1. Residues in the range 140-182 that are of a type outside the set (D, E, K, R) and in contact with a His (Cβ under 9 Å, 6 or more places away or on another chain): how many?
2. Do any residues in the range 114-127 that are open to solvent by less than 40 Å² (accessible area, probe 1.4 Å) have Cβ atoms under 8 Å from those of residues that are among the small types (Gly, Ala, Ser), where the two are at least six apart or on different chains, and which pairs are they?
3. Does ASN139 satisfy the condition of being modelled with pLDDT under 95 and surrounded by 14 or more Cβ atoms within 10 Å (Cβ to Cβ)?
4. How many residues does the range 133-177 hold that are part of a loop (DSSP other than H, G, I, E, B) and either among the small types (Gly, Ala, Ser) or under 22 Å from ALA93 (Cβ atoms) (or both)?
5. Being part of a strand (DSSP E or B) and either under 26 Å from LEU88 (Cα atoms) or not charged (D, E, K, R) (or both) narrows it down to one of VAL261, VAL294, VAL285, so name that one.
6. Failed condition for LYS90, given (1) open to solvent by 20 Å² or more (accessible area, probe 1.4 Å); (2) under 23 Å from LEU290 (Cβ atoms); (3) in a loop (DSSP other than H, G, I, E, B); (4) modelled with pLDDT of 95 or more, with all others met?
Amino acid sequence: MIGINHGVVFITIMKTYFRDFQLRTRLHGFYRNLQKFFYLKIFHWLIPDEIVIKHEFKNRLGYELNLDAPRTFNEKINWINLNSRNPLRKIVADKYAARDYIRETVGAQYLIPLVYHTDNASDLKPENLPDFPFIIKCNHTSGGGVIVRDKSQIDWADVQSHFAKLLKLNYYKLYRERQYKHIKPCIIVEKLLLDENNVIAYDYKIDCINGKVDRINVVIDRFTDRKANKYDRDWNLIDMSVHRRGKEIEKPELFDEMLYVAERIARDFRFIRVDCYYVRGKIYVGELTLTPMVGMIRFSPEEWDQRLGDKLKL
């Protein structure tokens, strides 16, 4: 087994070498492909998860990841990622399998309508898909979804190519998030949740710490001009930001029910983020997230990293 310090030094040396190689040549495409191959095919088998995570953590956040005595929120999320043996983590991380967990935990009425499911990108063609607006996404990735309001206006060859590439991704290999390691990739198509004005519904990302709702991140215009406000569980605006702040949002009419649903889902997890939508008088549950921003969130102000870490009990 490669030692932690030796592993970090090795990663740094190789990154420096390839960066210098890029500067000395104009073969940028070749460099990127070589780097991708080197990290995803070779590092995956040679370097333990802890080494890679510690290295990336220091690069992104500027301080050492302490896994022996984690104190900050980011440290504890990474500790959970590396140490948790909760079998539910793989299930809720899989957007397709999570539907069964949501159905069994809070009820099928909270599920976003599923209109199609396949593991073959070539199946994404107009005759297999509905005439109303929908969103196409993979069960094992974050982002990369395609919104379709009018399927006659879509380049389906391009869509098929896009999802064929996504199906080959493994988020464990990319970011060492262990819950993604053995997920079987597939494509799911869900009804697009639109309000009375045909606007995509707000995304209520509810952070639950030790089974209790701690704060709600309301994402506005997430597919166009992303902004977000953070509220506590009493709907008081919090002075914390990761994205630009948006306009003030009124508390949803069924807010208490939304919190109940989130906490029922969160009861078996130290931390989980439950994405909810409130549309036309109904609550829907979307994605469930265990390692937000791979456990490397740049909080503003920075003190929130420690404040939330104090709340999260291991």
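1. Our first condition is that a residue be of a type outside the set (D, E, K, R); within the range 140-182, this holds for 140-148, 152-154, 156-157, 159-164, 166-167, 169-172, 174-175, 179-180, 182.
Okay, now just the ones that are also in contact with a His (Cβ under 9 Å, 6 or more places away or on another chain), so 144, 146, 166-167, 169-172, 180.
Residues that pass the stated criteria total 9.
2. ALA121/SER161; ALA121/ALA164
3. Values: modelled with pLDDT under 95: no; surrounded by 14 or more Cβ atoms within 10 Å (Cβ to Cβ): yes.
Judged against the criteria, ASN139 is not a match.
4. Residues that pass the stated criteria total 13.
5. Working: VAL261 fails: part of a strand (DSSP E or B); VAL294 fails: part of a strand (DSSP E or B).
Just one listed residue meets the conditions, VAL285.
6. In the conditions (1) open to solvent by 20 Å² or more (accessible area, probe 1.4 Å); (2) under 23 Å from LEU290 (Cβ atoms); (3) in a loop (DSSP other than H, G, I, E, B); (4) modelled with pLDDT of 95 or more, LYS90 misses (3) alone.
The values are calculated or read from the model by the stated rules, or taken from the named source; none is laboratory data. Nothing here was measured: the structure is a model prediction, and the numbers come from that model. Backbone-built Cβ (ideal geometry, glycine too); neighbour counts: all protein chains shown. When the accessible area is computed, the model is the full protein with side chains, heavy atoms only, and any ligands, DNA or RNA have been set aside. Shrake-Rupley method; radii C 1.70, N 1.55, O 1.52, S 1.80 Å.
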